[in-house]
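Beneath this line is the structure, given in structure tokens, with notes to follow.
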Amino acid sequence: MMYSCAPASGGSTKTVKKKGRSLRIDIHCHYFNPDAAAKVAHLAPADREISGKWGNELTREVNAKQLRDRAPKLTSIEVRLKDMDRMGIDIQAVSPAPTQTYYWTEPGLGAEVARKVNERLAEIVAKWPDRFVGLGTVPLQDPSLAVSELEFCMKKLGLRGVEINPNVNGMELTDKRLSLDGFFRKAEDLGAVIFMHPLGYTQGERLTNHYFNNVIGNPLDTTVAASHLIFDGVMERHPKLKVVLPHGGGFIAHYWARMDHAWRARPDCRTVIRRKPSTYLERFYFDTITFDRDMLRHLVERFGADHVLLGTDYPYDMMMEHPVDFIEGVRGFSRKEKSLIQGGNAARLLKIDYNNPTRRRKS
């Protein structure tokens, strides 16, 4: 049976569940847009990317080789579909390559490149409506342009949300200079999924060797950004905001109790929020990329099976090649919990209706 994830009239969706098993949706996968890259090539983007700045010579060589070797997986949908079938993935919620947010560009160019990225994602969804939904990008370096592009993504292109990075040129997402509260308000109003993907840690002087600025820096950047969203009150002001934290939630999802202790022990940790930090952390969503089944089990036990979503990080070398087997092998998960994690939660967040092919859900 076929799925249909593409927007129907009124921005609604439908899909049909395959008989005999639950739907499998990958919340964490990337597409590289060559046309967008060409648009900014004259600005030497490699010199501005954190992965290049805080990586030693060997890391830069490995990254360059990976980009060459995995180019077909990053750009060819036909190759991607074969890989999805091999991995047992029915639908990808495909988002841009994390470096293609281009926050470092001048706002007008940033908006232009974001539009190019988003329209290509919409084309992919339109051509393969049974296999993809899209998460776009917005120029967070300009709050008004970010809101405008978010509306275009959701209302005109039928995308289901956007990927953002955990900081904008080193500034926290809650930095008053960015004025992004209007963006978060609009995302909440539109029901947009915010997939917050890191690029490494901006102060990476101690993380240059051993690929540390990805291995340690990615979950660290997620941890810092999510902590600001909590302690600076974004999650309190916008209780219906749907934010997905990749890589198993970073470090914050596994060491949250220290925040709660600090909030109780110190007045400088409760200047904004009224409840303990973990109360707000429980509103986030997390993907399954933990690389350890016991860690995934603890994540589900702490935050609930309804807040954990299958992710792969396709097609990078830090990806999980066998995501379904990984989830199936976790001790103690019920069939219902596995079904939610493998696809049910993502279907709910992304407004994919797979239980009744005749029912359509409005965005």
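The values are calculated or read from the model by the stated rules, or taken from the named source; none is laboratory data. Remember, it's a predicted structure, so these values are computed and weren't measured experimentally. Heads up, the Cβs are rebuilt from the backbone with ideal geometry, glycines too, and the neighbour counts pull from every protein chain shown.
Assuming Thr312 fulfils every condition listed in (1) in contact with a helix residue (DSSP H, G or I) (Cβ under 7 Å, 6 or more places away or on another chain); (2) part of a loop (DSSP other than H, G, I, E, B); (3) of a type in the set (S, T, N, Q); (4) surrounded by fewer than 18 Cβ atoms within 10 Å (Cβ to Cβ) apart from one, which condition is it?
Failed condition: (4).
May I ask you to verify whether Val162 is within 15 Å of the chain's Cα centre (by Cα), closer than 23 Å to Trp104 by Cβ and touching a residue at least 24 places away in the same chain (Cβ under 8 Å)?
Considered against the rule, which asks whether it is within 15 Å of the chain's Cα centre (by Cα), closer than 23 Å to Trp104 by Cβ and touching a residue at least 24 places away in the same chain (Cβ under 8 Å), Val162 comes out as yes.
Filter the range 319-349 for residues that are over 28 Å from Leu190 (Cα atoms) and among the hydroxyl-bearing types (Ser, Thr, Tyr) and give the result.
Ser334
Does the range 122-154 hold any residues that are in contact (Cβ under 8 Å) with a residue 24 or more places away in the chain, more than 29 Å from Arg177 (Cβ to Cβ) and not small (Gly, Ala, Ser), and which are they?
Within the range 122-154, Ile124, Val125, Lys127, Trp128, Pro129, Asp130, Arg131, Phe132, Val133 qualify.
Considering only residues of the range 1-36 that are of a type in the set (S, T, N, Q) and in contact with a strand residue (DSSP E or B) (Cβ under 8 Å, 6 or more places away or on another chain), which is modelled with the highest pLDDT?
Checking each candidate, the answer is Asn33.
Hey, does the range 28-45 have a residue that's farther than 26 Å from Tyr201 by Cα, surrounded by fewer than 19 Cβ atoms within 10 Å (Cβ to Cβ) and touching a residue at least 40 places away in the same chain (Cβ under 8 Å)? Give the derivation first.
Kept after step one, since they are farther than 26 Å from Tyr201 by Cα, are these residues of the range 28-45: 35.
Still in the list and also surrounded by fewer than 19 Cβ atoms within 10 Å (Cβ to Cβ): 35.
Pick out the ones that are also touching a residue at least 40 places away in the same chain (Cβ under 8 Å) and you get 35.
Yes; the residues of the range 28-45 include at least one that is farther than 26 Å from Tyr201 by Cα, surrounded by fewer than 19 Cβ atoms within 10 Å (Cβ to Cβ) and touching a residue at least 40 places away in the same chain (Cβ under 8 Å).
If you take the residues in the range 165-194 that are touching a residue at least 60 places away in the same chain (Cβ under 8 Å) and under 16 Å from Leu349 (Cα atoms), which one is surrounded by the most Cβ atoms within 10 Å (Cβ to Cβ)?
Applying the filter and picking the extreme gives Val193.
Do we find a residue being surrounded by 24 or more Cβ atoms within 10 Å (Cβ to Cβ) and closer than 25 Å to Met259 by Cα anywhere in the range 147-164?
Yes: one or more hits.
Does any residue of the range 264-281 turn out to be among the hydroxyl-bearing types (Ser, Thr, Tyr), surrounded by fewer than 22 Cβ atoms within 10 Å (Cβ to Cβ) and in a loop (DSSP other than H, G, I, E, B)?
Yes, the conditions are met somewhere in the range 264-281.
Against the condition of a type in the set (Gly, Ala, Ser) and either modelled with pLDDT under 95 or surrounded by fewer than 17 Cβ atoms within 10 Å (Cβ to Cβ) (or both), how does Ser95 come out, does it pass? Give the derivation first.
Details: of a type in the set (Gly, Ala, Ser): yes; either modelled with pLDDT under 95 or surrounded by fewer than 17 Cβ atoms within 10 Å (Cβ to Cβ) (or both): no.
Judged against the criteria, Ser95 is not a match.
Which pairs have Cβ atoms under 6 Å, sit 6 or more apart or on different chains, and link a residue in the range 76-88 that is surrounded by 12 or more Cβ atoms within 10 Å (Cβ to Cβ) to one that is assigned to a helix (DSSP H, G or I) and not aliphatic (A, V, I, L, M)?
From the range 76-88, the pairs are Val79/Pro72; Val79/Lys73.
Restrict the check to the range 171-181 and report whether at least one residue is part of a strand (DSSP E or B), within 20 Å of Gly250 (Cβ to Cβ) and not acidic (Asp, Glu).
yes
Applying the selection to the range 166-199, what residues are among the hydroxyl-bearing types (Ser, Thr, Tyr) and either in contact with an Asp or Glu (Cβ under 7 Å, 6 or more places away or on another chain) or closer than 29 Å to Phe212 by Cα (or both)?
Thr174
Quick check on my filter: what residues within the range 55-75 are free of Cβ contacts under 8 Å to residues at least 24 places away in the same chain and not acidic (Asp, Glu)?
Result: Leu58, Arg60, Asn63, Ala64, Lys65, Leu67, Arg68, Pro72.
Collect the residues in the range 126-146 that are crowded, with 24+ Cβ neighbours inside 10 Å and either assigned to a helix (DSSP H, G or I) or among the aliphatic types (A, V, I, L, M) (or both), keeping them in residue-number order.
Val133, Leu135, Val138, Leu140, Ala146
Among the listed residues His254, His228, His238, which satisfies the condition of being at pLDDT 95 or above and touching a strand residue (DSSP E or B) at 6+ places or on another chain (Cβ under 7 Å)? Talk me through it step by step, then tell me what you get.
Values: His254 fails: touching a strand residue (DSSP E or B) at 6+ places or on another chain (Cβ under 7 Å); His238 fails: touching a strand residue (DSSP E or B) at 6+ places or on another chain (Cβ under 7 Å).
Going through His254, His228, His238 in turn, just one is at pLDDT 95 or above and touching a strand residue (DSSP E or B) at 6+ places or on another chain (Cβ under 7 Å): His228.
Quick check, is Lys39 more than 23 Å from the chain's Cα centre (by Cα), at negative phi and modelled with pLDDT under 95?
Details: more than 23 Å from the chain's Cα centre (by Cα): yes; at negative phi: yes; modelled with pLDDT under 95: no.
Spelling it out, it is not the case that Lys39 is more than 23 Å from the chain's Cα centre (by Cα), at negative phi and modelled with pLDDT under 95.
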